[in-house]
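Only the coordinates and a few stated rules stand behind these numbers; no lab work does. Here the structure is a predicted model, which means the values were calculated and not measured. Neighbour counts are summed over all protein chains in view; Cβ atoms, including those assigned to glycine, are modelled from backbone coordinates with ideal geometry.
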Amino acid sequence: MRFDFFDVTADVCGDAALALDQTASLAGAPGVSIQIQNDVVRAGGARWPRMPPQPSPALADWEVETLARWATAPVKGPPPPGNRSPTIAVSQLPSAVDNRVVFTAIIDDPDGDSVIGVVEAGGVAFLMNRPGAFAVDFDSSAWAPGPVRPIAVLCDGWSKTTVDLGPVQIRH
């Protein structure tokens, strides 16, 4: 279960939604709120709730109350005021290659939100399912010679950002 995103849809995130495991439950998925409430609130005569698992310390009463309140009516709500778009920094993007396009991509969010993304080039997608650094590596040996423009699509759960990473000349 992922709690860093309420929901991720193609409507909000575009192709960046591909980066999340489609079998993972997100906080806003149907039925998840009931599961959260069942896991953090003591059931019946249980001494401890299921979450967090022992021997970790139990949640404070205010934390349990907050989760239980949210679980009764989960709402994503509007973007935070002044929400800024996620960013990508690229290093060592080659200007020309023969068989491989290899570079480092670092995705981040200036507001501290989680971020996901995808880099698309030559009909292939490289998925980035969390913030941080990625060693992007495309096999371009079957691509036609000429320019290719890697495009990054990033999402923080509120909006998507598309970034043209510039041309790469494919030479064979």
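Out of all DSSP beta bridges in the chain, what portion is antiparallel? Express it as a percent rounded to 5. Taking every DSSP beta bridge within the chain, about 90 percent pair in antiparallel fashion. Remark: the chain carries a charge dipole of roughly 240 debye about the Cα centre, counting +1 on each Lys and Arg Cβ and -1 on each Asp and Glu Cβ. Charge dipole of region 10-72 (Cα centre as origin; +1 on each Lys and Arg Cβ, -1 on each Asp and Glu Cβ, all else neutral): 380 debye, rounded to the nearest 20.
Within region 87-170, DSSP assigns beta bridges of which about 95% are antiparallel (rounded to the nearest 5). Once the Cα atoms are used to define both axes, helix 61-72 deviates from the longest principal axis of the chain by about 70 degrees.
Label separation (Thr104 vs Glu65): 4.7 nm, computed from points 7 Å beyond Cα along the C-beta direction.
Taking every C-alpha pair closer than 8 Å and separated by at least 6 residues, the mean separation divided by the residue count of the chain gives a relative contact order of 24 percent. For the chain, a Gaussian network of Cα nodes joined below 10 Å ranks Gln35, Gln22, Gln54 by mean-square fluctuation, and the top entry is Gln54.
Cβ-to-Cβ counts within 10 Å put Thr161, Thr87, Thr23 in ascending order as Thr23, Thr87, Thr161, the fewest first. For region 24-100, the list of trypsin sites (Lys or Arg not before Pro) that fall in a loop by DSSP and count at most 11 other C-beta atoms within 10 angstrom reads Arg47.
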